[in-house]
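The values are calculated or read from the model by the stated rules, or taken from the named source; none is laboratory data. The structure displayed is predicted, hence computed values, not measured ones. A quick note on method: Cβ atoms are made from the backbone with ideal geometry, for glycine too, and the neighbour counts reach across all protein chains shown.
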Amino acid sequence: MKRYGTWKYLLILLVLGFGVLYSLPNLYAPDPAVQVSYSSSSQTADTFLANRVEEAIESENLEVKIELENDYVLVRTDSYQNQLRIKEILSRNLINDVVIALNLAPTTPGWLQGIGANPMKLGLDLRGGVHFLMQVDTDRALKNRQDGTLQDLRIRFREEKIRYSQAEIDEDSSIVMSFNSLNAKQKALAFVRDNYTQFELPTSSSDDTSLRLSLSELEIEQIESDAIDQNLTTLRNRVNELGVSEPIVQRQGKKRIVVQLPGIQDTAEAKNILGKTATLEFHLEAQMDTPRSRKTSYPYRNGLGTPAFLQDSIILGGDQVATAQASFDENGLPQVNITLDGEGGSKMHRATRGNIGKRLGVLFVEQKTRTVYERDSDGNQIPIQESYEVKEIISLATIRAALGTTFRITGLDSPSESSELALLLRAGALAAPMTFVEERTVGPSLGADNIKAGIFSMELGLALVLGFILFYYRVFGIAASLALTFNIVLLVAIMSILSATLTLPGIAGIVLTVGMAVDANVLIFSRIREELKRGRQPLDAIDAGYNRAFLTIWDANITTLIVAVILLSYGTGPVKGFAITLSIGIITSMFTAIMGTRAFINLIYGSKTDLKRISI
């Protein structure tokens with residue numbers, strides 16, 4: 001029997017220590033908690049906020065632990081019922097300058113957190129909450145863009161004295177224009193070619209006086225992508241109003257968005273918040289001589305800068321912003337390029353041509369909801385959802401020249417600020433309508449039941465597998481059992497390090513991995529038994545069994561891994577959760593089933609040169 005290298009034993013011990021260390025945090029169950037932070041990102045949690053939280057709770061005689069973190073105040077409790085009760089108490093007693101979120105506070109010891117060891121996150125099916133799958137109508141976004149372009153073309157053709165008889169948008173979102181003469185069409189074609197690069201134009205001339213302007217495939221993809229990105233940003237902003245800790249708002253496929261809100265149980269409230277409206281307004285800055293009745297003071301967004309007075313008259317609304325992109329000017333300084341539709345460009349030009357040197361303000365207007373409490377006839381407090389409007393300045397820049405359809409905002413401090421401003425300008429409202437194609441609610445008690453059922457199934461499967469291999473393979477069964485346990489520890493450790501989310505299908509993937517990990521040992525042990533029947537000596541049979549079974553194990557696991565990677569790449573929701581644990585489990589099982597059991601067997605039999613019989 002070949003000698004097993006010392007470095008292999010050291011490697012196995014190192015990997016085993018690593019697995020145990022980084023899987024330990026999962027033994028510490030998190031506390032149900034309520035997280036309280038200021039709604040303005042410019043304010044950080046302080047002792048004043050902690051005292052307000054403590055005063056609101058102390059009269060209820062609840063067992064809580066209040067901690068002051070960097071960005072929020074954390075209220076720990078011992079049950080999910082108390083968690084919901086505390087949130088209701090804080091919502092009723094604290095004014096609306098805070099965000100109150102349900103959370104799961106880790107109880108991992110500090111020395112483990114110091115080395116980056118944290119527990120796995122729980123998916124919606126294990127923690128409870130609501131799940132929405134929304135379809136974005138990108139065709140509407142495409143039509144809206146073409147509507148704006150058509151309005152702009154009408155104005156520009158009028159200025160260029162290009163006569164047309166008809167202009168409309170076709171069913172495929174192409175702009176179709178008819179001209180009074182072939183000469184007018186050629187003049188229009190040349191003008192469009194020089195000024196509107198997004199269109200695919202005919203390369204050959206014809207006697208037809210109509211002109212079809214179709215967007216290029218690249219431009220269509222860009223418009224659809226911008227619509228999805230804008231809706232994602234808008235939804236993320238709106239989700240913050242729900243007071244949700246660790247929400248998931250992400251793109252799924254080409255035209256869909258997934259929103260998962262852990263801890264939320266009221267789908268009606270969630271849908272109301274996600275569907276609310278927000279927009280932009282452009283105002284000129286009010287001058288000293290502007291009457292008080294015609295100007296209003298507005299704060300800057302996130303509390304940055306001193307409030308400024310803007311004229312009450314609106315130049316145009318955010319619905320006329322076609323797009324906004326962050327870029328750099330000729331001096332390498334950050335700026336935001338804005339494109340308006342045709343009507344918006346005309347309004348902007350008329351408003352700014354006589355106000356050069358003055359400042360133009362961009363006002364972010366959002367409809368929000370808050371919970372207020374009213375007493376009924378019996379004196380009980382009843383929560384009522386109340387809508388209110390918030391207006392904040394996101395930009396106040398000097399007008400350098402008369403603005404039209406396209407202009408830029410400069411004077412920004414950093415590229416990150418210009419990117420954020422461009423997103424805000426695009427995310428003032430949804431770029432395209434969305435429909436709820438799927439929604440479901442998972443209660444916290446159901447989530448707890450799912451955890452219990454998942455753990456029980458894993459324990460039962462592990463017990464049955466271990467019982468069988470210990471009975472059937474004797475000493476070799478002990479090696480396989482240790483390797484199987486080692487495999488689960490490694491799997492949990494890697495998922496914790498990757499901050500992977502454990503879902504109910506993920507637990508199913510772990511259970512399947514238990515069976516697949518044993519498959520490799522079954523192949524090896526069966527091969528060893530075959531070699532013994534052929535008359536080989538026990539030590540030679542062990543060597544042959546491991547060497548000759550390796551390729552079979554490798555092929556079987558690689559083909560399964562390929563399928564798992566495909567599921568991970570193209571699957572969604574539960575499928576992806578299953579694929580994550582399966583992929584990691586395949587990799588770890590190959591290490592433990594081959595190297596782990598081989599090391600154990602070598603420790604037992606490797607030094608016995610005159611071995612005549614092995615227990616298999």
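Things worth noting here:
- In this entry, residue 38 passes the filter for residues that are at pLDDT below 80 and touching a helix residue (DSSP H, G or I) at 6+ places or on another chain (Cβ under 9 Å).
- When residue 56 is tested against (1) aliphatic (A, V, I, L, M); (2) surrounded by fewer than 20 Cβ atoms within 10 Å (Cβ to Cβ); (3) in a helix (DSSP H, G or I); (4) in contact (Cβ under 8 Å) with a residue 40 or more places away in the chain, exactly one condition is not met: (4).
- Checking 74, 68 one by one, the residue that is without any contact (Cβ under 8 Å) to a residue 24 or more places away in the chain, outside the structural domain of residue 247 (by TED's automatic domain parsing) and closer than 11 Å to residue 36 by Cα is 68 and no other.
- Options 379, 332, 428, 354; residue that is outside the structural domain of residue 195 (by TED's automatic domain parsing), in a loop (DSSP other than H, G, I, E, B) and at pLDDT below 75: 428
- Single unsatisfied condition, residue 288 versus (1) assigned to a loop (DSSP other than H, G, I, E, B); (2) of a type in the set (A, V, I, L, M, F, W, C); (3) touching a Gly at 6+ places or on another chain (Cβ under 7 Å): (3)
- Qualifying residue in segment 156-174 (condition: part of a helix (DSSP H, G or I), surrounded by 12 or more Cβ atoms within 10 Å (Cβ to Cβ) and either outside the structural domain of residue 455 (by TED's automatic domain parsing) or in contact with a Ser or Thr (Cβ under 6 Å, 6 or more places away or on another chain) (or both)): yes
- Pairs are defined by a Cβ separation below 7 Å, a sequence spacing of at least 6 or placement on different chains, a first member in segment 142-170 that is over 16 Å from residue 226 (Cβ atoms), and a second member that is crowded, with 20+ Cβ neighbours inside 10 Å and among the acidic types (Asp, Glu); the pairs so defined are 151/341; 152/341.
- So residue 128, is it touching a residue at least 60 places away in the same chain (Cβ under 8 Å), surrounded by 15 or more Cβ atoms within 10 Å (Cβ to Cβ), touching a strand residue (DSSP E or B) at 6+ places or on another chain (Cβ under 7 Å) and more than 30 Å from residue 248 (Cβ to Cβ): no
- Among residues that are touching a residue at least 12 places away in the same chain (Cβ under 8 Å), outside any loop (DSSP other than H, G, I, E, B) and closer than 26 Å to residue 123 by Cα, residue 85 is included.
- Considering each residue of segment 589-601 in turn, at least one proves to be in contact with a Lys or Arg (Cβ under 7 Å, 6 or more places away or on another chain) and either under 19 Å from residue 509 (Cβ atoms) or surrounded by 14 or more Cβ atoms within 10 Å (Cβ to Cβ) (or both).
- Restricting segment 562-588 to residues that are of a type in the set (S, T, N, Q) and under 28 Å from residue 472 (Cβ atoms), the residue that is surrounded by the fewest Cβ atoms within 10 Å (Cβ to Cβ): 588
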